[in-house]
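Student: I am attaching a structure below and will ask some questions about it afterwards.
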Amino acid sequence: MKLIRAISQMQQWSRQARRRGRTIGFVPTMGALHAGHRSLIRRSAAECDTTVVSLFVNPTQFGPQGDFARYPRDLAGDRRLAAAAGADLLFAPSVEAIHPPGGSTVVEVQGMSDRLCGAFRPGHFRGVATVVTKLFNIVQPDRAYFGQKDAQQAAIVRRMVRDLHWPMTIRVLPIARDRDGLALSSRNRYLSALERRSATRLHAALRQAAQLTHDGVREPAAIQSGLREALGGDPAIRLEYVEVVDPETCEPVCTMDDRTLVAVAAWVGQTRLIDNVIVTPVKRKLARNISHQSPVTSH
Ligand code: AMP
């Protein structure tokens, strides 16, 4: 597996790959790779002729109090995991190369960037959209792979690709979890053993929410209060938001009759965690006819 740091070299590599008619799959990451990233890389390797993984801890998506400086970095481990998962190339540019001094262009997906995480992390999704745009322009992928773990990010990238007429496909893959249900995240390593136990409650509470929908509850307020109740009892958890939204627009829904995203963000100690579940209630009339089919899909 090749390691490229210079943007010009990356562009040249992509030009050559495209000239040879090879499809390029792209997995943008901030490194400290885990099994969630692995699933994206594997899928890309299975679907594309070549797979590029970027490692870039993007300063413009961290707030002033964010953990940019202490965000985990592990190039040796990342090389091993990416190579074993089938990546052909690691692209690890410097901050100065991606954001040279004097740059004044940003990309913003308006509206949906201010909701959910965006309401608590001003400018975060502008940072994400801008860096993803730069990386797409450099790598020129045919397909790019994102995780449902960052549901809002995936929705924003999808919208941006559609709005800007980019000739590429965005694939969004299910959340990879540890055995205890905790969604894998590079930040989980910050959690103490005790905090980790509290953190697993997020997934347990989301499963409960999915079960409520399965049982016929359709009111977002009922789902939200159920989640707040389930998580509020743990003093180690400080809830940031509990939202029930349309997964494409991230706008709150009035009723959960269609595919709905239930998303939470919470601080556990000094660590901010996010998790979510998609619930797809089967329409009642239909449900009577196809009773053998599972009424709730969550991933
Ligand atoms: P990050 O390195 O955290 O920026 O994540 C890079 C990509 O991996 C993003 O598209 C994330 O949504 C995805 N990802 C992170 N954690 C997981 C997970 N537990 N399961 C699936 N995808 C994930």
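Student: Give a residue-ordered list of calculated ³J(HN,Hα) values for segment 267-277 (Karplus: 6.51 cos²θ - 1.76 cosθ + 1.60, θ = phi - 60°; whole Hz; x for Gly, Pro).
Tutor: Going residue by residue, I get 8, 10, x, 9, 10, 8, 10, 10, 7, 6, 9 Hz, with x marking Gly and Pro.
Student: Same structure again: What percentages, rounded to whole numbers, describe P(r) for segment 1-130 computed over all alpha carbon pairs with 10 Å bin width beginning at zero?
Tutor: Going out from 0 Å in 10 Å bins, segment 1-130 shows 12, 36, 36, 15, 1 percent.
Student: D for the chain, whole µm²/s, Stokes-Einstein with Kirkwood Rh over alpha-carbon pairs at 25 °C and 0.890 mPa s: what number? Can you show the working numbers first?
Tutor: Numbers: Rh = 20.3 Å.
In µm²/s, the coefficient is 121.
Student: A further question follows. Would you please give the residues with an amide H less than 5 Å from that of LEU3, counting only those at least 5 places away or on a separate chain, with H modeled from the backbone geometry?
Tutor: Sorted by chain and number, the residues that satisfy this are LEU90.
Student: Which whole-number percentage describes the relative contact order of the chain, with Cα contacts under 8 Å and a sequence gap of 6 or more?
Tutor: Values: 531 pairs, mean separation 47.2, N = 299.
Once divided by the residue count of the chain, the mean separation gives 16 percent.
Student: Something else: Could you let me know the centre-to-centre spacing of segment 1-60 and segment 257-275, using Cα atoms, in angstrom?
Tutor: 28 Å
Student: What percent do you get for the relative contact order of segment 186-289 when only Cα pairs under 8 Å and 6+ apart count? If you can, show how the numbers build up before the last one.
Tutor: Working: 160 pairs, mean separation 28.9, N = 104.
Once normalised by length, the contact order is 28 percent.
Student: Please report the net charge: other residues with Cβ closer than 15 Å to the Cβ of GLY77, K and R +1, D and E -1. Numbers along the way, then the final one.
Tutor: Working: positive: ARG38, ARG73, ARG79, ARG80, ARG189; negative: ASP74, ASP78.
Result for the neighbourhood of GLY77: +3.
Student: Given a cut-off of under 8 Å on Cα pairs at least six residues apart, what relative contact order in percent is computed for segment 1-72? Present the calculation step by step, with values, prior to reporting the outcome.
Tutor: On the way: 66 pairs, mean separation 21.5, N = 72.
Relative contact order of segment 1-72: 30 percent.
Student: I would also like to ask the following. At 37 °C and 0.692 mPa s, grab the translational diffusion coefficient of segment 57-162 from Stokes-Einstein with a Kirkwood Rh over Cα pairs, rounded to a whole number in µm² per second. Write down the numbers at each step before the final one.
Tutor: Working: Rh = 15.3 Å.
Once the numbers are plugged in, D ends up at 215 µm²/s.
Student: Follow-up question, since we're still on this one. Could you give the Stokes-Einstein D for segment 129-278 in µm² per second, using the C-alpha Kirkwood radius, 25 °C, 0.890 mPa s? Walk me through the numbers before you get to the answer.
Tutor: Details: Rh = 16.5 Å.
Rounded, D is 148 µm²/s.
The numbers here are math on the coordinates, done by the rules we state, and not lab data. This one's a predicted model, so the numbers in the text were calculated from it and none came from an experiment. Every residue, glycine among them, receives a Cβ derived from its backbone with ideal geometry; neighbour counts consider all protein chains shown.
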